[in-house]
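A.B. asks: Supplied in C-alpha cells, the structure appears directly below.
Read-outs: derived from the displayed coordinates by stated rules, not from any lab. All values derive from a computational prediction rather than experimental measurement. All Cβ positions, glycine included, derive from the backbone under ideal geometry; neighbour counts span all protein chains shown.
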Amino acid sequence: MNEGSARVINGREIAANLYQEMKKDVERLKERHILPGLAIIRVGNDYASGIYVNNKIKRSLEIGIHAKQYHIEETVSQAALIDKIETLNNDSKVHGIIIQLPLPRHIDPFSVIHAIHPAKDVDGFHPINVGKLTLGEPCLQPCTPQGCIVMLETVIKDFAGLHAVVIGRSNIVGRPMSTMLLAKNCTVTICHSYTKNLADITRTADIIIAAAGKPKFITKDMVKKGAVVLDVGINRINLGDDNYMMCGDVDFKEVSRVASYISPVPGGVGQLTVAMLIKNVIKAASMTRSFLDKVNR
Ligand code: NDP
C-alpha cells in the first residue's frame, strides 16, 4: 500500500462502470422475457427517506429496471403493512422488495423485514440471508458493506492477513461488513460505543471502515500511515440559517495526509450502496421460480 498523500477512491466512477455492466445484464434478462422489478415501500413522510427512495427509483429506471414506490400513510397498522408485503411477495413481476427505514414507532421493523420473502429481500436484511452470509453461503447481501468490498477491491489485491477495523456494529453496516471482511481472510476487529482505547486499535489497522455516524470522528492521529480508509458515515451538520453540510465520519482533509486511499463523502460509499441494491435486484430477477419455492422460510 502507498504511504503519503492519499488517493481518492471515487465511488461515482466505480458505480458508473458497474451501471454499464448492469444495463447489459438487464438486456440479457429481457431477452429471456424477464423485466426485473423493484418495489419500494415507504411509510410516512420522513424527508431524507423521500430523497433516498427517489434516487433508488431514478437509478433503477436508468438501468432498465421497473421500479415503483408504494408510499403508505404514517398511520398504517403493522398488520396492513405486512399484508401489502405478502401481496408483493406473491407478485411474479416483483423480484425485489425493500422497506425504506426508519419506520414509524408503532411498527416493529424486524417483523416487517421478516415478512419479505428471502429471495426478494434485496436489502439482505432477512434472517435467512443474514444466516447464509454468516455461513458463507450464496445469498442476497446487504448493499452498503457489499459496496465497501467492491471499493476495497479496486485498491487491494490481497486481503489475507490484513487487519481490518470496523467502527460500528449495526445490522445493516458494521456486522455484515465484518463478516464480509472475515470471508476475505482479514483479521477483523469490531469496535462500538463501549470499545476502550479506540485510537490504539485503529492505529493498528490496515483497513478502517468508519460507520459510527459521528461527524469527522476519525482523525489523523487515529490512522496508521498507508492505511485504506472507507467512510460510510453520512452526517448532516447544521451551519445555521437553514444551511446544512453533509460530511462523513472521517476528517477527510487531515486523514488524507496519512492514509494511502480514502473514500470521500459525498461521492463515496453512498454511490455504491445504490449500485449494489440494483445489482441485487438483477440477481433476484435471475433466480428461477423453482429457486424461490425452495427457499426455506
Ligand atoms: P447506527 O446508529 O445503527 O450504528 C452506529 C454504530 O456506531 C453503533 O454500533 C455504535 O455503537 C457505534 N458507535 C457510536 N458511537 C461510537 C463511538 N464513539 N465509538 C465507537 N463506535 C461508536 O448507524 P448505522 O450503522 O445505520 O449507520 C452508520 C453511519 O453510516 C450513519 O452516519 C449512517 O447515516 C451511515 N450510513 C451510510 C450509508 C451509505 O450508503 N453511505 C448506508 C447506511 C448508513 P453501539 O452499538 O455500542 O451503540
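A.B. asks: Provide the FRET efficiency to the nearest 0.05 for the A183-D242 pair, computing r from the beta carbons and using R0 = 51 Å.
C.D. replies: About 0.70, to the nearest 0.05.
A.B. asks: Can I ask one more? Which value results for Rg/Rh of the range 174-297 when Rg is the Cα radius of gyration and Rh the Kirkwood radius based on the inverse mean 1/r?
C.D. replies: Result for the range 174-297 is an Rg/Rh of 1.08.
A.B. asks: Excluding V8 itself, calculate the net charge of residues whose Cβ lies under 14 Å from the Cβ of V8, where each Lys or Arg counts +1 and each Asp or Glu counts -1.
C.D. replies: Around V8, the surrounding residues sum to +2.
A.B. asks: Hey, another quick one. Have a look at S286, S111, S60 and tell me which one the Gaussian network model of the chain (Cα, springs below 10 Å) gives the largest fluctuation.
C.D. replies: Top of the fluctuation ranking is S111.
A.B. asks: Only bridges with both residues in the chain count here: give the DSSP antiparallel percent, nearest 5.
C.D. replies: Details: 5 of 35 bridges.
If I count the DSSP bridges inside the chain, around 15 percent turn out antiparallel.
A.B. asks: Arrange the peptides 116-124, 213-221, 94-102 so that the one whose residues have, on average, the most other Cβ atoms within 10 Å appears first.
C.D. replies: Final packing ranking: 116-124, 94-102, 213-221.
A.B. asks: Where both residues lie in the range 103-253, what percent of DSSP beta bridges are antiparallel, nearest 5?
C.D. replies: Roughly 25 percent of the DSSP beta bridges within the range 103-253 come out antiparallel.
A.B. asks: Right, another one. Going out from 0 in 5 Å bins, what whole percent of all Cα-Cα distances in the range 65-202 drops into each bin?
C.D. replies: 2, 9, 16, 18, 17, 13, 10, 8, 5, 2, 0
A.B. asks: Hey, what's the Kirkwood Rh for the range 108-153 if you take every pair of different alpha carbons, in angstrom?
C.D. replies: Kirkwood radius, the range 108-153: 11.0 Å.
A.B. asks: I've got another one for you. Applying a 10 Å radius around every beta-carbon, put 84-91, 186-193 in order of their mean neighbour count, most first.
C.D. replies: 186-193, 84-91
A.B. asks: So who's got an amide H within less than 5 Å of the one on A205, skipping anything under 5 residues away but keeping other chains? H placed 1.01 Å off N, in plane.
C.D. replies: Answer set, sorted by chain and number: K224.
A.B. asks: For the range 136-287, what is the number of Lys pairs with C-alpha distance below 24 angstrom, counting only pairs 8 or more positions apart or on separate chains?
C.D. replies: Value for the range 136-287: 22.
A.B. asks: Going through the range 26-72, which chymotrypsin sites (Phe, Trp or Tyr not before Pro) have at most 12 other Cβ atoms within 10 Å and a DSSP loop state?
C.D. replies: Values: sites: Y47, Y52, Y70; in loops: none.
Within the range 26-72, no chymotrypsin sites (Phe, Trp or Tyr not before Pro) qualify (loop, at most 12 other Cβ atoms within 10 Å).
A.B. asks: For the chain, what number results from the quotient of the Cα radius of gyration and 2.2 N^0.38 Å?
C.D. replies: Rounded to two decimals, the normalised Rg is 1.01.
A.B. asks: Next up: Take M180, M246 and order them by how many other Cβ atoms sit within 10 Å, fewest up front.
C.D. replies: Sorted ascending by nearby Cβ count, the order is M246, M180.
A.B. asks: Can you give the calculated 222 nm mean residue ellipticity of the chain, where each DSSP H run of n ≥ 4 adds -39,500 (n - 2.57) and the sum is split over every residue, rounded to the nearest 500 deg cm²/dmol?
C.D. replies: -12000 deg cm²/dmol
A.B. asks: What is the chain's relative contact order, in percent, from Cα pairs under 8 angstrom and six or more apart in sequence?
C.D. replies: Dividing the mean separation by the residue count of the chain yields 23 percent.
A.B. asks: Also, I was wondering about something else. When a footprinting reagent is the concern and you count Cβ atoms within 10 Å, what order do R105, R12, R59 take, fewest first?
C.D. replies: The most exposed by this proxy come first: R105, R12, R59.
A.B. asks: Which ordering of M177, M287 is given by a fewest-first count of other beta-carbon atoms within 10 Å? Working shown, then result.
C.D. replies: Details: M177 28, M287 15.
Starting with the residue having the fewest Cβ neighbours, the order is M287, M177.
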